[in-house]
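I have placed the structure first, in the form of structure tokens, so that the comments after it can refer back to it.
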Amino acid sequence: MHKQLRLVILFVLIISSNGHAQKLSIGFGFYDLKAKVGQEEASVSNLGAYKFQYHSIVQEKFELVLGYTLLIEDIVTGDKAFGPSIGGRYYLFGNNTVEVAQLSSFSVSSIKRYNPYLYLGFNQRQYQSIKSTYAGFSFGGGVEAGFDSKKSLFADIQISSLEGPSEGEATETSITTGIIFNY
């Protein structure tokens, strides 16, 4: 137990160190969920995908992303699915969509108009109506667009292949857009 706690503390210290740029993002969009348990199949598609993510730059082109996703059947009401995710973004042209260099009272900003990335991660989802947890890997991609020195916009698509109890499997596709706050 103490060994795991030390690893978690070390991990948090590493990703929150001052040497790394940090970002928070909030997104909203569309989702499509197809599930199968035994011979039973179901699907639901709707607006109502919400993403909350913390980003930490690990290397010049790689970023660690810790997130939480909420899927709601009727935008704000209805059945819900929710859970954490951890993954990495690989930026094709470097992960700094917005860079600010400052010397005394003089600062220079470099803002990339379009900064594409690829995503690979692991998701866990708790489905409220069936009271079951599913987990699996996801992949996708997207683009960030610089807005100003503190904010950028993003749009992405993510496809997750999840497995659950009783030989259950689900494919979750989400398309989200949102804002990233750089600090």
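No value in this document is a laboratory result; all are computed from the given coordinates. It should be emphasised that the depicted structure is a prediction, and the values quoted were computed from it without experimental measurement. Every residue, glycine among them, receives a Cβ derived from its backbone with ideal geometry; neighbour counts consider all protein chains shown.
When every alpha-carbon pair in segment 21-182 is counted, what percent end up more than 29 Å apart? Mind dumping the intermediate values first?
Details: 3124 of 13041 pairs.
Of all Cα-Cα pairs in segment 21-182, 24 percent lie more than 29 Å apart.
Of the listed peptides 111-121, 31-41, what is their order by residue-averaged count of other C-beta atoms within 10 Å, with the highest listed first?
Going from most to least packed, we get 111-121, 31-41.
Determine the sum of side-chain charges near V37: Lys and Arg each +1, Asp and Glu each -1, restricted to other residues whose C-beta is under 10 angstrom from that of V37.
Charge balance in the 10 Å sphere: -3.
Across segment 115-123, in residue order, what do the Karplus-derived ³J(HN,Hα) couplings come to in whole Hz, using 6.51 cos²θ - 1.76 cosθ + 1.60 with θ = phi - 60° and x for Gly and Pro?
Taking θ as phi minus 60°, the curve returns 9, x, 8, 10, 10, 9, x, 10, 10 Hz for segment 115-123.
Would you compute, for the Cα atoms of segment 105-183, the largest minus smallest coordinate along each principal axis and list the three values in descending order, in whole Å?
61, 20, 16
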